[in-house]
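Report on the structure given below.
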Amino acid sequence: MECPDILEAPTSESWIAQATTSAILPVLLVDHANCERKAAASALALMNRYSHDTTLAMNLSRVAREELVHFEQVCRLMQRLGIAYRGLSAGRYARELHSLVAKSEPDRLTDLLLVAALIEARSLERFLLLATRLPPAVARFYKRLAESERRHFEFFVDSALRRRAESDVRRRLGPLRERESQLATLPDRTFRFHSGPVVVAESPFRQECTLDE
């Protein structure tokens, strides 16, 4: 499966190999649940900040509801698999992407929409990649989720293009796209759903993938 055009580089085989080991599955699912929860919170934050844009606010409300449903679905799947939902420290991915968001308008809204689009696009790519390699229950679930991620990704891109000239959107996308590619593909210290592959000299995943209390 090719990565969506908005992504500069595909997920590496080394990340996929790590993600599909039985030892990492609990980390993958717990972090996935957290990603869904945070996606809902981000949609609500955007909705509150830009409440004067009624069309955007109404669509973000729908996105937030869907993300919360996905959170519940991941939690139910973990319960069926005997995986506890526990605290897990955040990785670098979303934090560092958001650090590039402009402070002033109209660039700020454009950047926020594009960051959301990049995150959804990376999720789409990884759901489809993992759906062919994980245990059947998780694989079926990820295949279903991929369509929602595609709709969300397209919604955020379309929302940016409806509010800015295409040249402005492309100008803002460039550095965000480049940084997203680095964060998702370069070696990482901590395995997460959106991380790069973890590279450790000894005992891979011994510390980096431990669920935090």
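Things worth noting here:
- Segment 60-77, subset in contact (Cβ under 8 Å) with a residue 40 or more places away in the chain and farther than 24 Å from residue 95 by Cα, residue most open to solvent (accessible area, probe 1.4 Å): 73
- Positions within segment 11-45 being in contact with a Leu (Cβ under 8 Å, 6 or more places away or on another chain), hydrophobic (A, V, I, L, M, F, W, C), open to solvent by 20 Å² or more (accessible area, probe 1.4 Å) and under 19 Å from residue 152 (Cβ atoms), in sequence order: 44
- Test for residue 112: is it more than 21 Å from residue 12 (Cα to Cα), open to solvent by 20 Å² or more (accessible area, probe 1.4 Å) and touching a Lys or Arg at 6+ places or on another chain (Cβ under 7 Å): no
- Candidate set: segment 1-29, residues that are of a type in the set (Val, Ile, Thr) and closer than 21 Å to residue 97 by Cα; chosen: the one modelled with the lowest pLDDT: 6
- Within the set 123, 148, the sole residue that is surrounded by fewer than 21 Cβ atoms within 10 Å (Cβ to Cβ) and polar (S, T, N, Q) turns out to be 148.
The values are calculated or read from the model by the stated rules, or taken from the named source; none is laboratory data. As the structure is a prediction and not an experimental result, all values here were calculated from the model. Virtual Cβ from ideal backbone geometry, glycine too; neighbours counted across all protein chains shown. Side chains are part of the model used for accessible areas, which takes the heavy atoms of the whole protein and leaves out ligands, DNA and RNA. Shrake-Rupley method; radii C 1.70, N 1.55, O 1.52, S 1.80 Å.
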